[in-house]
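This report concerns only the one structure given below.
Values quoted throughout were computed directly from the atomic coordinates according to the rules given, and no laboratory measurement underlies them. Computed from a prediction, not measured in an experiment: that's the story for all the values here. Here the Cβ is made from the backbone with ideal geometry for all residues, glycine too, and neighbour counts use every protein chain on show.
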Amino acid sequence: MIFILGYFIIELLVSIKFGIAVGFGWSVVWVLLTSLVGIALLRLSPYAIADSFQKIGFEKFNIISAQNAAISYVLGAILLIIPGIFSDFLGILLLGYTIYLRLFAKIPNVEQKFNKNSKGDDDVIDVEIIDSNSSDNTTIKR
């Protein structure tokens, strides 16, 4: 509850500062434009999420990066829809992270943990199976 109250206080202060700096009219235009951009991004989110997970198949993403890109895309679009300057700033940061993951992030090289020249003796497990229904008890009761 205290985090929500803190968020609203920060949102109010940032919005007032932005309104004083650029004017009330431009603040309203900013909020309306970012809301329209957020709605457009949210409508395109199924395609963006599908593209993120499709890049797993092309080995451009690992599953964690695809999940992070999808979550940051959707949360960024939702934060752009919410009216306020601070939420718009957070939404733009999340969308910037999505762009970073899509354009610049690479899958780390995964080294293979086995030696191709070995014959496989290290991978063999020796197991002995003992049948529990063996006829060790040969006493016959009459």
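Below are the figures for this structure:
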| item | result |
| --- | --- |
| Highest-first arrangement of 40-52, 17-29, where packing means the average Cβ count within 10 Å | 40-52, 17-29 |
| Contour minus Cα-Cα distance for Val29 and Tyr47 (0.36 nm per residue) | 3.7 nm |
| Ranked by how many other beta carbons lie within 10 Å on average, peptides 95-101, 7-13, 31-37 from highest | 95-101, 31-37, 7-13 |
| Computed E for Ala105/Val127 - FRET, C-beta separation, R0 41 angstrom, nearest 0.05 | 0.40 |
| Local net charge near Thr98, Cβ-Cβ under 13 Å (Lys/Arg +1, Asp/Glu -1) | +1 |
